[in-house]
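Chemist: Starting off with a structure, shown below.
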Amino acid sequence: MYQSVWTDTIKMPEFETLHSDARTDVLVIGGGLCGVLCAYFLKNAGVDYMLVEGKTIGSGITQNTTAKITSQHGLIYERLINDFGKEKAYLYLWANQEALEKYRQLSRKIKCDFQEKSAYVYSKWDRWAIEEEIRAVNSLGFPAELAENLPLPFETEGAVCFPEQAQFHPLKFLAGIARGLNIYENTFVEKIENHTAYTENSKIEAGKIIVATHFPFLNKRGSYFLKLYQHRSYVIALENAPDVQGMYLDADNTGMSFRNYGNLLLLGGGSHRTGKKGGNWRELRDSAAGFYPEAVERYYWATQDCMPLDGIPYIGHYSKHTPDLYVATGFQKWGMTSSMVSAMLLCDMILERENDWAEVFSPSRNILKPQLLVNGLETTKNLLTPSSKRCPHMGCALKWNSAEHTWDCPCHGSRFEEEGKLIDNPAKKGC
Ligand code: FES
């Protein structure tokens, strides 16, 4: 069945559409996990707020995640220490650990199938990289361990284990925190001018605005069209496959991930830059047929992630020159903890409370990274490519995605149905 196991196992609460002009102290744009958590914390802090969502809450990336709540984001900590120094790597790790702890607390009140699990990054070939990462993580005060003899269908050189991490049902959690919040659905913001957001039918005046729309849609500020690209990944959910007793990720970006939900094994992978070719479900199905010949596929779906230049999300002021405009994006496949870190940090910033994480995640940090050149070349190439289908975001040539029957943009990842209807931003209209 082409939908995630999450969407098939819950009926989400519904909210009205905004039909008249409004005024609020803080406007949150985007009803994914990040935006709804922002609204939740603002409400609890007694702030006047409203949230508007272009479609329905959780109907974007949140419904398609694999919902792993962990501060283990691949083999990253040795690199973060080298690139940013030990203090920032420490803050990154412990910000994500605090996010995990916050989920643990909230999940005591919300039935969301929260389960404590260890998280593992395995390598098929590189024992040295695993050992180096464990040393790096231990130096930041976290008890990562070496794990061997993993319950995976192939040999590995071992894994970095983060104990006491978690997984849950993301939409059950979202539904739980969204109840009673001041949310408007099917209220699509077309543009923002100064402190006013314009929808098709109304305008909203706001003292401060948080853009939590997956890919930030304002091009004039912040240069997100240079700082981000998007990545697609695929998932199949298998019945009659083993319980792997944890959450597993390949150290190699093109490898597979494993976790269970109920009687299903969720197999993830087949990733590629949006608009490029990749393994998609075909790769996963081929692997599953070899690993688990008795297994039966129950669900299949795909997701899309914003990738930053340097491995750290952009959370904070939208740009140096927009003191009342905030953003949270670039979660690079780690949307659960990154959404929580964003909501905690942005809420502190709005309330003018000190938060040590602000500098680590600042969207205004140095962008001179090798990925900037890759992004720039990709955009230039696709702007110059002749094509009958062009992206309304900035005009790149769209590519046909034969696995999903969509038109995808290799520049910044907008996607469109075969007939041209918009699926994924930053484009704001169909092609
Ligand atoms: Fe930017 Fe297509 S998403 S040009």
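The values are calculated or read from the model by the stated rules, or taken from the named source; none is laboratory data. Only a predicted model underlies this, so the values are computations on that prediction, with no experimental measurement involved. Glycine also receives a Cβ, built like all others from the backbone with ideal geometry; neighbour counts cover every protein chain displayed. For the accessible areas, the whole protein counts, side chains as well, though only heavy atoms, and no ligand, DNA or RNA atoms are used. Shrake-Rupley method; radii C 1.70, N 1.55, O 1.52, S 1.80 Å.
Chemist: Would you point out which residue out of 252, 310, 286 is open to solvent by 20 Å² or more (accessible area, probe 1.4 Å) and modelled with pLDDT of 95 or more?
Modeler: Just one listed residue meets the conditions, 286.
Chemist: If you don't mind, another one. Given the conditions (1) touching a Phe, Trp or Tyr at 6+ places or on another chain (Cβ under 9 Å); (2) open to solvent by 70 Å² or more (accessible area, probe 1.4 Å), and given that residue 109 satisfies all but one, which numbered condition is not satisfied?
Modeler: Just one mismatch for residue 109, condition (1).
Chemist: A further question follows. Restricting attention to the range 43-76, report how many residues are more than 19 Å from the chain's Cα centre (by Cα) and assigned to a helix (DSSP H, G or I).
Modeler: Number satisfying all stated conditions: 2.
Chemist: Where in the range 147-242 are there strands (runs of 3 or more DSSP E), lying wholly inside it, with at least 2 residues that are open to solvent by less than 10 Å² (accessible area, probe 1.4 Å) and under 21 Å from residue 17 (Cα atoms)?
Modeler: So the answer is 203-211.
Residues are listed down the side, and each one gets a yes or a no for (1) without any contact (Cβ under 8 Å) to a residue 60 or more places away in the chain; (2) over 27 Å from residue 338 (Cα atoms); (3) surrounded by fewer than 13 Cβ atoms within 10 Å (Cβ to Cβ):
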{"residue": "371", "(1), (2), (3)": "no, no, no"}
{"residue": "378", "(1), (2), (3)": "no, no, no"}
{"residue": "389", "(1), (2), (3)": "yes, yes, no"}
{"residue": "405", "(1), (2), (3)": "yes, yes, yes"}
{"residue": "419", "(1), (2), (3)": "yes, yes, yes"}
{"residue": "422", "(1), (2), (3)": "yes, no, no"}
{"residue": "427", "(1), (2), (3)": "yes, no, no"}
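Chemist: Now for a separate question. Any residue in the range 60-67 that is closer than 27 Å to residue 195 by Cβ and free of Cβ contacts under 8 Å to residues at least 24 places away in the same chain?
Modeler: no
Chemist: Further question on the same structure: Hey, among 382, 355, which residue is in contact with a helix residue (DSSP H, G or I) (Cβ under 6 Å, 6 or more places away or on another chain) and either open to solvent by less than 10 Å² (accessible area, probe 1.4 Å) or at pLDDT 95 or above (or both)?
Modeler: 355
Chemist: Scan the range 285-301 and give yes if some residue there is assigned to a strand (DSSP E or B), closer than 29 Å to residue 77 by Cα and under 18 Å from the mean Cα position of the chain (by Cα), otherwise no.
Modeler: No, every residue in the range 285-301 fails to be assigned to a strand (DSSP E or B), closer than 29 Å to residue 77 by Cα and under 18 Å from the mean Cα position of the chain (by Cα).
Chemist: What are the residues in the range 379-401 that are more than 22 Å from the chain's Cα centre (by Cα) and either more than 23 Å from residue 218 (Cβ to Cβ) or among the charged types (D, E, K, R) (or both), if any?
Modeler: 381, 384, 385, 386, 387, 388, 389, 390, 397, 399, 400, listed by residue number.
Chemist: Just checking: which of the helices (runs of 4 or more DSSP H) contained wholly in the range 325-431 hold 3 or more residues that are within 16 Å of the ligand (Cβ to nearest atom)?
Modeler: 370-384
Chemist: Let me ask something else about it. Inspect the range 93-103 for any residue being under 25 Å from residue 252 (Cβ atoms), open to solvent by less than 70 Å² (accessible area, probe 1.4 Å) and in a strand (DSSP E or B) and give the result as yes or no.
Modeler: No, every residue in the range 93-103 fails to be under 25 Å from residue 252 (Cβ atoms), open to solvent by less than 70 Å² (accessible area, probe 1.4 Å) and in a strand (DSSP E or B).
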